[in-house]
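> Handing you this structure, nothing more for now.
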2 protein chains.
Amino acid sequence: MDSMFEETGRTPLERYGEFGLIDLLTKNIRLKNSSSLCGVGDDAAILDAAGRVQVVTKDLLAEGVHFDLTYCPLKHLGYKAIAVNLSDIAAMNAKPEQVLVGIAVSSRFTVEAVEELYSGMLLCCERYGVDLVGGDTVSSQSGMFISVTALGYGQKGEIVRRNTAKSGDLICVSGDLGAAYAGLLILEREKQVFLKDPKAQPDLDGYDYILERQLKPEPRLDVVRLLHERGVLPTSMIDISDGLASESMHLATDSALGCCLYEEKLPIDTQTYQTLTDLGLLPTTVALNGGEDYELLFTVRQADYDKIKDLKEVHVIGYMTAEAGDYALITNDQKKIALKAQGWDAYLKHRNENRKNADLEEA
Amino acid sequence: MDSMFEETGRTPLERYGEFGLIDLLTKNIRLKNSSSLCGVGDDAAILDAAGRVQVVTKDLLAEGVHFDLTYCPLKHLGYKAIAVNLSDIAAMNAKPEQVLVGIAVSSRFTVEAVEELYSGMLLCCERYGVDLVGGDTVSSQSGMFISVTALGYGQKGEIVRRNTAKSGDLICVSGDLGAAYAGLLILEREKQVFLKDPKAQPDLDGYDYILERQLKPEPRLDVVRLLHERGVLPTSMIDISDGLASESMHLATDSALGCCLYEEKLPIDTQTYQTLTDLGLLPTTVALNGGEDYELLFTVRQADYDKIKDLKEVHVIGYMTAEAGDYALITNDQKKIALKAQGWDAYLKHRNENRKNADLEEA
């Protein structure tokens with residue numbers, strides 16, 4: 001009658017990294033159905049849908065771990081919960097068409113609160129032409145949990161995975177980096193002020209862009225479309241949830257390659273740069289490790305460079321190398337240093353560790 | 001900076017029933033993609049998959065609400081989490097082929113505990129030929145949450161919905177009823193003994209069948225297959241998660257009909273009957289309202305009666321009537337009483353209310 005978790009062993013979850021636990025749990029899975037083209041291990045699973053290919057992805061967000069309702073409005077949270085799943089579909093070079101939504105809420109939430117959350121979800125669905133086709137809303141004893149499943153479609157041969165980059169391919173990133181993390185730092189700062197003095201007014205003026213990037217990220221389906229229009233099929237792709245460094249190494253590792261990034265090529269918005277400098281942080285560090293940018297990181301053949309070089313939304317930031325496991329950054333003063341998947345200062349390190357523990361498995 | 005749920009209104013979630021909140025949240029949804037054949041409102045969403053039709057369902061289970069780890073072994077819990085989703089696919093007359101799994105666990109769980117949970121999930125997948133193709137394991141601040149998405153397939157014209165029964169159709173149920181609830185009562189009884197005296201040994205002898213029905217339900221894919229082999233296409237179908245009375249009324253309401261059930265036809269296993277009688281409960285009440293049976297409730301045309309009458313696993317228990325909103329039970333002494341979706345004694349009533357609040361929305 002004792003609870004099982006006390007009987008079954010003693011390995012703390014923290015001992016496994018983000019990809020250790022998934023390997024442990026899924027190593028014995030063998031796909032049985034011909035409709036299951038590809039399972040665990042990419043941004044989404046790949047299923048046969050007769051004329052087309054279907055991709056399916058699923059994310060679970062936990063209050064206090066993935067979001068903080070002190071400063072995250074419920075409508076934004078709903079929007080973001082959908083957006084990050086559509087971003088996973090975009091990272092497969094596919095078009096999202098359906099989502100299913102599961103919400104668990106404790107009795108401290110009102111109907112209006114759940115409606116607010118839902119309205120943000122529906123707004124994001126509306127914006128990206130996606131249908132909300134099902135779900136489940138249940139009560140929880142404590143906290144809010146949001147689970148979203150997104151379904152997307154692509155043509156056979158045009159689904160892009162993580163493990164198919166080739167040596168010499170150019171590494172590209174959409175948009176700019178580090179803004180979402182800069183926005184989080186401002187929200188955390190104002191939360192501390194608020195906790196000390198609940199009457200204090202938040203000082204959020206001049207931070208619009210970075211706050212929006214944190215609270216309301218957009219899936220880069222426009223970039224997927226742009227590349228398609230230019231006739232460019234990426235050789236590998238992933239979306240940036242953990243940070244550029246981590247995701248670059250992910251593409252390289254999965255493709256059995258190395259990678260080399262150029263500090264001077266990292267796209268950083270002016271507001272991001274200014275805010276981070278004011279806070280005493282190196283913008284490069286945050287661009288590499290901040291996470292939650294939900295930009296697309298992808299590789300293209302060198303032969304495709306001319307087709308993308310004038311795209312304002314796409315930046316070439318490095319290239320894949322033949323040396324598997326060699327992850328390098330060329331600094332602004334032309335030094336070659338090892339690319340690391342964690343930040344260099346304590347705050348970033350702490351946060352990254354939280355994230356590593358939080359996102360034990362992704363697929 | 002104040003949290004949104006304090007700002008946005010005051011309607012407690014309890015004010016909405018299981019289907020009130022889903023109506024509220026989804027009433028403005030209009031499907032936009034041609035691949036979205038049918039959204040919220042059945043056991044699963046229905047998508048176009050070129051030659052076939054795809055059905056997708058999603059369930060979220062919360063610790064303390066949907067399961068109690070004091071007596072639910074993690075392996076059984078994993079099995080059940082998959083099984084109840086496969087049951088939703090079965091209820092669409094479809095064949096499940098893939099699942100995606102999301103798990104949120106607090107730090108009180110060990111790696112071995114998560115592995116144990118996963119092993120139960122994989123066992124159920126294995127048993128029913130389903131592929132686990134993706135998922136997400138994250139940390140939670142408190143408690144365990146399990147989110148499962150299941151994908152299934154069927155032939156066009158053979159997907160069975162809830163709203164297509166016709167007056168005069170026979171109401172059929174698979175297997176037997178009330179056993180899962182009887183098993184729960186025994187587990188609850190032993191939990192109370194354990195809480196008073198942690199050294200007491202649980203007295204579970206002679207309850208194997210009802211405990212198994214509670215802890216490890218099986219999706220009735222065998223019944224789907226049997227009906228197919230006999231050339232019987234149900235005119236409507238649902239799986240029994242909330243209880244026979246509630247689900248019968250659900251089929252009737254969605255089809256704008258009434259229904260009439262016969263008490264004497266309700267299939268109740270001997271062990272269930274004996275246990276409930278020993279506990280001072282009316283077996284009929286529990287068969288009607290216990291819930292979690294995960295049997296299939298479906299209607300067939302009268303002309304199909306000869307094709308199913310010798311099926312041991314299928315029981316004809318009533319028929320659909322033309323009087324919309326008229327839900328009746330003919331008792332063993334030939335009285336016609338109103339069928340209610342809640343139990344008659346306080347304990348059942350309390351539990352049903354818990355369930356109503358817990359399962360605010362299903363699709």
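The values are calculated or read from the model by the stated rules, or taken from the named source; none is laboratory data. Just so we're clear, the structure is a prediction, and the values are computed from it rather than from any experiment. Cβ sites come from the backbone with ideal geometry, for glycine too, and all protein chains shown count toward neighbours.
> Taking the condition of a type in the set (A, V, I, L, M), under 23 Å from the mean Cα position of the chain (by Cα) and surrounded by 16 or more Cβ atoms within 10 Å (Cβ to Cβ), does residue B:113 pass?
No; evaluated as a whole, the condition is false for this residue.
> Check residue A:146 against each of (1) buried (at least 24 other Cβ atoms within 10 Å of the Cβ); (2) within 30 Å of residue A:299 (Cα to Cα); (3) touching a residue at least 60 places away in the same chain (Cβ under 8 Å) and name the one condition it does not meet.
(2)
> Going by what's in this entry, would residue B:68 be described as more than 7 Å from chain A (Cβ to nearest Cβ) and touching a helix residue (DSSP H, G or I) at 6+ places or on another chain (Cβ under 6 Å)?
Against the criterion (more than 7 Å from chain A (Cβ to nearest Cβ) and touching a helix residue (DSSP H, G or I) at 6+ places or on another chain (Cβ under 6 Å)), residue B:68 does not qualify.
> Here is a further query. Between a first residue in region B:26-50 that is in contact (Cβ under 8 Å) with a residue 24 or more places away in the chain and a second residue that is surrounded by fewer than 20 Cβ atoms within 10 Å (Cβ to Cβ), which pairs have beta carbons less than 7 Å apart while being 6 or more apart in sequence or on different chains?
B:39/B:29; B:39/B:31; B:40/B:29; B:45/B:38; B:46/B:37; B:46/B:38; B:49/A:50
> Identify all residues within region A:169-225 that are under 30 Å from residue A:307 (Cα atoms), among the charged types (D, E, K, R) and assigned to a helix (DSSP H, G or I); write none if there are none.
Within region A:169-225, A:213, A:222, A:225 qualify.
So that you can scan it fast, the table gives a plain yes or no per residue for (1) basic (Lys, Arg); (2) within 19 Å of the chain's Cα centre (by Cα); (3) surrounded by 17 or more Cβ atoms within 10 Å (Cβ to Cβ):
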position	(1), (2), (3)
B:158	no, no, no
B:171	no, yes, yes
B:192	no, no, no
B:200	no, no, no
B:213	yes, yes, yes
B:221	no, yes, yes
B:250	no, yes, yes
B:254	no, yes, yes
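> Also: On the basis of being assigned by TED's automatic domain parsing to the domain that holds residue B:315, surrounded by 15 or more Cβ atoms within 10 Å (Cβ to Cβ) and over 29 Å from residue B:44 (Cβ atoms), does residue B:207 make the cut?
Yes: the conditions hold for residue B:207.
> Next question, about the same structure. Hand me the list of strands (runs of 3 or more DSSP E) wholly inside region A:276-363 holding 2 or more residues that are modelled with pLDDT of 90 or more, within 19 Å of residue A:91 (Cα to Cα) and more than 14 Å from chain B (Cβ to nearest Cβ).
In region A:276-363, the matching strands (runs of 3 or more DSSP E) lie at A:296-300, A:314-321.
> Scanning for something over 18 Å from residue A:103 (Cβ atoms), among the hydroxyl-bearing types (Ser, Thr, Tyr), touching a strand residue (DSSP E or B) at 6+ places or on another chain (Cβ under 8 Å) and within 8 Å of another protein chain (Cβ to nearest Cβ), does region B:45-57 turn up at least one residue?
No, region B:45-57 contains no residue that is over 18 Å from residue A:103 (Cβ atoms), among the hydroxyl-bearing types (Ser, Thr, Tyr), touching a strand residue (DSSP E or B) at 6+ places or on another chain (Cβ under 8 Å) and within 8 Å of another protein chain (Cβ to nearest Cβ).
> Out of (1) closer than 18 Å to residue A:94 by Cα; (2) assigned by TED's automatic domain parsing to the domain that holds residue A:78, what's the single condition that is false for residue A:142?
(1)
> Scan region B:237-253 and report the pairs whose first residue is in the same structural domain as residue B:296 (by TED's automatic domain parsing) and in a helix (DSSP H, G or I) and whose second residue is surrounded by 24 or more Cβ atoms within 10 Å (Cβ to Cβ) and of a type in the set (S, T, N, Q), with Cβ atoms within less than 6 Å and a gap of 6+ or a chain change.
Between residues of region B:237-253 that are in the same structural domain as residue B:296 (by TED's automatic domain parsing) and in a helix (DSSP H, G or I) and residues that are surrounded by 24 or more Cβ atoms within 10 Å (Cβ to Cβ) and of a type in the set (S, T, N, Q), the close pairs are B:245/B:289; B:251/B:236.
> Shifting gears a bit: Could you tell me how many of the residues in region B:12-41 are in a loop (DSSP other than H, G, I, E, B), at pLDDT 70 or above and under 22 Å from the mean Cα position of the chain (by Cα)?
2
> Right, something else. At the interface with chain B (Cβ under 8 Å from one of its Cβ atoms), touching a helix residue (DSSP H, G or I) at 6+ places or on another chain (Cβ under 7 Å) and crowded, with 22+ Cβ neighbours inside 10 Å - does that describe any residue in region A:92-99?
Within region A:92-99, none of the residues are at the interface with chain B (Cβ under 8 Å from one of its Cβ atoms), touching a helix residue (DSSP H, G or I) at 6+ places or on another chain (Cβ under 7 Å) and crowded, with 22+ Cβ neighbours inside 10 Å.
> Follow-up. Select, from A:135, A:129, A:143, A:154, the only residue that is modelled with pLDDT under 95, away from chain B (no Cβ under 12 Å) and more than 16 Å from the chain's Cα centre (by Cα).
Going through A:135, A:129, A:143, A:154 in turn, just one is modelled with pLDDT under 95, away from chain B (no Cβ under 12 Å) and more than 16 Å from the chain's Cα centre (by Cα): A:154.
> Testing residue B:60 on (1) within 7 Å of chain A (Cβ to nearest Cβ); (2) modelled with pLDDT of 90 or more; (3) over 25 Å from residue B:126 (Cβ atoms), one condition comes back false. Which one is that?
Going through (1) within 7 Å of chain A (Cβ to nearest Cβ); (2) modelled with pLDDT of 90 or more; (3) over 25 Å from residue B:126 (Cβ atoms) one by one, residue B:60 breaks only (3).
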